[in-house]
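The block underneath contains the structure these notes are about, expressed in structure tokens.
The values are calculated or read from the model by the stated rules, or taken from the named source; none is laboratory data. A quick note: this is a predicted structure, and the numbers were derived from the prediction, not measured. Neighbour counts are summed over all protein chains in view; Cβ atoms, including those assigned to glycine, are modelled from backbone coordinates with ideal geometry. With ligands, DNA and RNA removed, areas are computed over all heavy atoms of the protein, side chains included. Shrake-Rupley method; radii C 1.70, N 1.55, O 1.52, S 1.80 Å.
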Amino acid sequence: MFWRKKSKSARPTRGVRLIAYGLILVGIGAGIWAGFLWHNQAGETVPPPLPQMLAPQESATPAPVAKPEPKVVAAYQVAPTLPKFISIPAIGVGKTRILSLGLTSDGHIAVPSSSYDTGWYTGSAKPGDSGAMFIYGHVAGWNTGGIFYNLKKLKPGDNIIVTRGDDTTYTYTVDSLKLYPVKDVDMNAVLAPIDPTKPGLNLMTCTWDIVGGKSEFNNRQVVFASLTS
């Protein structure tokens, strides 16, 4: 009888073992990344970056536009929960249309093309909601003063009334005013309520000196207000 000698099982070479370890590490990394994506998709997404300040070409003095007739303003309609009109009795601003405006293609906040209208940034709060509603208006047009020409004259305690699309009105009271050089506008402040415990309304316009050859102002006036009723 012949006995057959058992051969030793072949062991993987060192190179094969290194490749295997590498594949394991790649698999672990892919799993961690997939988990991160799932975690974000579950609702805990990273907050989007803040929009940039008004683009120079957007903040320039708008071209001449005819003032809308009262009946045209009165007929203006928006969705029930969106801002429709703004009025500021202390500086003579009567019922004025609020246009819904988003971002330009390069990420700047868009502004109204008319000096007779204001613009609500659609990435900000709606009337009465938590957070801050941001509304921009021009200080001047080529042929007239802008709707926010006297914004800098507002004082703490003055009222600002916003009418929603369903004709519900909200009264905000001015807390403070701040002047920013155009290159130093604090967008974290501009898009946040001055009082975190109350819904806010922040208004902005251009002001101060005109930049030579650009029909653009070198400062921004911001009014911070909070909801009172």
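Restricting to region 89-110, count the residues that are under 24 Å from PRO156 (Cβ atoms) and of a type in the set (A, V, I, L, M, F, W, C). Step through it out loud before you land on a result.
Going through region 89-110, the residues under 24 Å from PRO156 (Cβ atoms) turn out to be 89-96, 98.
Checking which are of a type in the set (A, V, I, L, M, F, W, C) leaves us with 90-91, 93, 98.
So the answer is 4.
Anything in region 184-198 that is more than 17 Å from the chain's Cα centre (by Cα) and either touching a residue at least 12 places away in the same chain (Cβ under 8 Å) or closer than 14 Å to ASN219 by Cα (or both)? List them, or say none. ASP195, LYS198 - these are the residues of region 184-198 that are more than 17 Å from the chain's Cα centre (by Cα) and either touching a residue at least 12 places away in the same chain (Cβ under 8 Å) or closer than 14 Å to ASN219 by Cα (or both).
Among ALA60, ALA30, which is the only one that is under 24 Å from ASP186 (Cβ atoms) and either modelled with pLDDT of 85 or more or over 17 Å from the mean Cα position of the chain (by Cα) (or both)?
Working: ALA30 fails: under 24 Å from ASP186 (Cβ atoms).
ALA60 is the lone residue from the list that is under 24 Å from ASP186 (Cβ atoms) and either modelled with pLDDT of 85 or more or over 17 Å from the mean Cα position of the chain (by Cα) (or both).
Every residue, every condition in (1) in a loop (DSSP other than H, G, I, E, B); (2) within 19 Å of PRO80 (Cα to Cα); (3) modelled with pLDDT of 95 or more; (4) open to solvent by less than 20 Å² (accessible area, probe 1.4 Å), yes or no:
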{"site": "GLY94", "(1), (2), (3), (4)": "no, no, yes, no"}
{"site": "ARG97", "(1), (2), (3), (4)": "no, yes, yes, no"}
{"site": "MET133", "(1), (2), (3), (4)": "no, yes, yes, yes"}
{"site": "ASP166", "(1), (2), (3), (4)": "yes, yes, yes, no"}
{"site": "SER176", "(1), (2), (3), (4)": "no, no, yes, no"}
{"site": "TYR180", "(1), (2), (3), (4)": "no, no, no, yes"}
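Is it true that VAL111 is surrounded by 20 or more Cβ atoms within 10 Å (Cβ to Cβ), in contact with a Ser or Thr (Cβ under 9 Å, 6 or more places away or on another chain) and not in a strand (DSSP E or B)? When the stated conditions are applied, VAL111 passes them. Condition (residue is open to solvent by 30 Å² or more (accessible area, probe 1.4 Å) and at pLDDT below 85) applied to region 67-86: is it met by at least one residue? Taking every residue of region 67-86 in turn, none turns out to be open to solvent by 30 Å² or more (accessible area, probe 1.4 Å) and at pLDDT below 85.
With respect to GLY119, is the statement that it is surrounded by 17 or more Cβ atoms within 10 Å (Cβ to Cβ), out of contact with any helix residue (DSSP H, G or I) (no Cβ under 9 Å at 6 or more places or on another chain) and under 19 Å from CYS206 (Cβ atoms) true?
Numbers: surrounded by 17 or more Cβ atoms within 10 Å (Cβ to Cβ): yes; out of contact with any helix residue (DSSP H, G or I) (no Cβ under 9 Å at 6 or more places or on another chain): yes; under 19 Å from CYS206 (Cβ atoms): yes.
Considered against the rule, which asks whether it is surrounded by 17 or more Cβ atoms within 10 Å (Cβ to Cβ), out of contact with any helix residue (DSSP H, G or I) (no Cβ under 9 Å at 6 or more places or on another chain) and under 19 Å from CYS206 (Cβ atoms), GLY119 comes out as yes.
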